[in-house]
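Worksheet: one structure, shown below.
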Amino acid sequence: MKLHVLISEFCAGNPTKNIKWKNQSKRKYCSNHFCFVLFFPVVLFFMLLCFNHLFFENIKGHVYFHGKSTGSVTYFPGKLNETEDSCLGRYIYIHDLPKIFNEDVIKDCQLITRSTDKYSMCKSLENSGLGPGIEALNASDLWKNSWFSTNQFMLEVIFHNRMKKYDCLTDDSTLASAVFVPYYAGLDLRRYLWGFNTSMRDVSGIDLVAWLARKPEWKRNSGMDHFLISGRIARDFRRKSNRKSDWGSNFRLLPESENITMLTIETGYSKNDVAVPYPTYFHPVNDFQVHQWQEFLRKQNRPYLFSFAGARRSKQKGSIRAEIIDQCQASNKLCNFMDCSLFNQCDDPVNLMSLFRSSVFCLQPPGDSLTRRSTFDSILSGCIPVFFHPGSAYTQYVWHLPKDHNRYSVFISSKDLRVGKVTINQTLLQVSKDEQLAMREEVIKLIPRIVYGDPRSRLETIDDAFDLAINGILKRIKILTKN
């Protein structure tokens, strides 16, 4: 029976036959007040429904939300009321770039593979850019699906896949606080670094900024709200001459590119480059895996005082690696040395992680550049990093590592080491057991901040390296565009 008929009959004192009203003899009539009280909420309900429908239908733009706990996508046609909008100030718009800037770069993956690579870069693209899964870590089945042979240059692919599932994506760029440019700059450059002239190395970057400059999103802030990610160090994109023998491309020296913030594994002198962690081998699928790994590391036996995984750099001017290796080998079994000059020894994640998990301190001297992926592998192993140059970490990862570097690391001056003023043994033996425990706990607490979760799943309460990078970029762009 229709609702309005039911109400009319009841108010008229004629209840329907199909409903057994209690005390029918007592209900001869219904007062006007009672009818109003009963009918008014119904009318109000339908009025609210109509208002909600009209309000949302007349607002343009689309916003996508991903539930942090489930990863499910909810679609809202339009911007919500600001008091209810959890994404206010966090919306990010992703440019739909032509495929030549990303998909085509990795489509022919053999072109980005070098003869010195452990295996084809095609394998590195497996599992959303995480690489082949690691079968045995000698730890626990808890983590067997979260460890991968991840290539550091795949950060561009990993980050892009994470961006696709970011909580506050929008396809209305006018709502966006930041604009992501999914350009695989490092992988694109890798195709032309060896044996090609500078024009081939530069053309993609020139075409990209020309494409961006034509877009309304660029014109609003001249690209100051744009950002991209690179799996290479910033120096690789700042070639100053057109000599074929000079390294890298000129992408970051293009006037338009200088307005874009580049997240990179190592910054240089530019104020528009910001360092983020190298990808490690651990890509957790949930919070539990992170917490259990931290507990596992707290119980590890560490028979070696310090360790070093690397090789001598005899042709590299100013390198202290030879001195470090000599002191390690002369340490009377206090140090464990893994020689990376032996083919692929240091490319085996199981060997490398076992080395670091058995050590209290892990030495991190500069290599081809100031920073090393090994720094983050040691932190992931609960091993206290030892640095010999402030540019290896302290001036780099300001969004991810504590400002007080004494809490989680040891610093030894490379100059003092080279002239024999200090020794590694002497410095590290002066750190008391209590200090070691406190520093190791700080290192273990850093693990969530330096790992990139699996792009195919979601962490619920933990902010990982990706989350911290996004938080940092949003704050940075807010400052850059506030005027």
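Tabulated data
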item	result
Neighbour-limited loop hits for trypsin sites (Lys or Arg not before Pro), region 376-483 (at most 15 other Cβ within 10 Å; DSSP other than H, G, I, E, B)	Lys403, Lys421, Arg456, Lys482
Accessible area (Å², 1.4 Å probe, nearest 10) - Leu429	110 Å²
Förster radius 60 Å - calculated FRET efficiency between Arg298 and Lys215 (Cβ-Cβ, nearest 0.05)	0.75
Pairs beyond 27 Å (Cα-Cα), from Lys165/Lys215; Lys164/Lys299; Lys99/Lys164; Lys107/Lys164; Lys118/Lys144	Lys164/Lys299
Portion, in percent, of the accessible area of region 287-449 that falls on carbon or sulfur, probe 1.4 Å	50 percent
Convex hull (Cα only) mean projected area of region 287-449, reported in nm² to one decimal	9.5 nm²
Cα-derived Rg to Rh of region 413-483, Kirkwood definition	1.22
Residue list for region 169-186, given a label point 7 angstrom along the Cα-to-Cβ vector of Glu103 and an amide N cut-off under 20 Å	170-172, 180-186
Sorted peptide list for 275-282, 120-127, 201-208, criterion being average Cβ within 10 angstrom, highest first	275-282, 201-208, 120-127
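The values are calculated or read from the model by the stated rules, or taken from the named source; none is laboratory data. Being a predicted model, the structure only gives us computed values, none of them experimental. Here the Cβ is made from the backbone with ideal geometry for all residues, glycine too, and neighbour counts use every protein chain on show. Areas reflect the complete protein model, heavy atoms only, side chains present, ligands, DNA and RNA absent. Shrake-Rupley method; radii C 1.70, N 1.55, O 1.52, S 1.80 Å.
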